[in-house]
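Below: one structure, written as structure tokens.
Derivation of every value follows stated rules applied to the coordinates shown; laboratory data play no part. Quantities reported herein were computed from a predicted structural model and do not represent experimental measurements. Heads up, the Cβs are rebuilt from the backbone with ideal geometry, glycines too, and the neighbour counts pull from every protein chain shown.
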2 protein chains.
Amino acid sequence: MRTKSIDSIEKAAQILKLLGDKTRLSMVKLIENNECCVCEFVDIYQASQPSISQHLRKLRDAELVKERRKGQWVFYSLNKESQYYKFVLGILESVPSQDERLKELEKQGLRISCCE
Amino acid sequence: MRTKSIDSIEKAAQILKLLGDKTRLSMVKLIENNECCVCEFVDIYQASQPSISQHLRKLRDAELVKERRKGQWVFYSLNKESQYYKFVLGILESVPSQDERLKELEKQGLRISCCE
DNA sequence: TTAATACATAAGCACATTATTATCTATCAA
DNA sequence: TTGATAGATAATAATGTGCTTATGTATTAA
């Protein structure tokens, strides 16, 4: 879809609700420009693996993110083919970058250990 | 504030969560260009008066909307002085207009009876 | 084939959110 | 002043959400 507009108020509310969780919002912002795997999210948010997986599932069910398996790892990224991509992007524009969190991971050597 | 940007991811998530309810999102979109009173919302959303008041309270607590008493009625509108106004406006841009709901009210003669 | 790692999913619990019911205050009109 | 209307708020009930624990599947490395 070419525009940022959403066709129904219900759909817009559903997407906003999904982004209305600080963990999910931060994850989505992070994968705006990066591809991340589940274990990285677990390290970054100090959360349990099932908790992260469940957040990702909601985002995937709404087709906001897509997954790519590479060996034993599953990498997540923003779904640019989603009809809501522009809408999400417009929101992320106003959200502070989360790249520091990834840099922190790299500093700890945790990024390389898991993914590459 | 001059920019659409939000300073913290938590605050951004909080606002998105508030807008992530179809009744609240529709109300906020409606008062983007209109001033509405509680009884109008009650008619429009076929909701109870306390339910509407509670939604409005959340929006007011977050300073996204402001109220103006006029006689026995309380009119709500978007708070243009909020530091998150631009952010909210940016989101509303992509949300379908809800003005039809007001027109429907007028057609039923319910708008004039209550407010004016 | 077996063990280990990465991830997904299901069930159950704790907490948050929303709606309802009841009650209270404020304004206005008689 | 009294009654009616608009709205706020408190208490409670119903529902939803997110987390943990337990377990299942896929991939890799031994």
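Shielding of peptide A:95-106 by partners, expressed as the average count of other chain Cβ atoms within 10 Å per residue Cβ, is 2.
Annotation for B:Pro96, label-to-label distances across the other copies: 3.6 nm (shortest first, one decimal, point 7 Å from Cα along Cα→Cβ). Footprinting exposure proxy ranking of B:Val74, B:Val42, fewest other C-beta atoms within 10 angstrom first, gives B:Val74, B:Val42.
Can you give the FRET efficiency for B:Arg60 and B:Asn34, using 1/(1 + (r/R0)^6), R0 = 22 Å, r = Cβ-Cβ distance, to the nearest 0.05? Between B:Arg60 and B:Asn34 the formula returns 0.85.
If a spin label sat at a point 7 angstrom from the Cα of A:Trp73 along the line to its beta carbon, the backbone N atoms of the stretch A:28-50 nearer than 12 Å would be those of A:35-41. Across every pair of non-identical alpha carbons in chain B, the mean reciprocal distance, once inverted, gives a Kirkwood radius of 14.6 Å. Dipole magnitude for chain A: computed about the Cα centre from +1 point charges on Lys and Arg Cβ and -1 point charges on Asp and Glu Cβ, it is near 220 debye. Look at A:Glu104, B:Glu32, B:Glu40 and count the other Cβ atoms within 10 Å of each Cβ; fewest to most, that gives A:Glu104, B:Glu32, B:Glu40. For the pair A:Ser48 and A:Glu10, what calculated FRET efficiency results from E = 1/(1 + (r/R0)^6), where r is the Cβ-Cβ distance and R0 = 35 Å, to the nearest 0.05? Step by step, r from the Cβ atoms, then E = 0.65. Bridgeable aspartates and glutamates around A:Lys70 (alpha carbons under 16 Å apart, same-chain partners fewer than 8 residues away excluded): A:Glu35, A:Glu40, A:Glu116.
With the label put 7 angstrom out from Cα along the Cα-to-Cβ vector, A:Ser53 ends up 4.6 nm from the copy partners, going from closest to farthest.
Between helix A:9-19 and chain A there is an angle of about 20 degrees, using the helix long axis and the longest principal axis of the Cα atoms.
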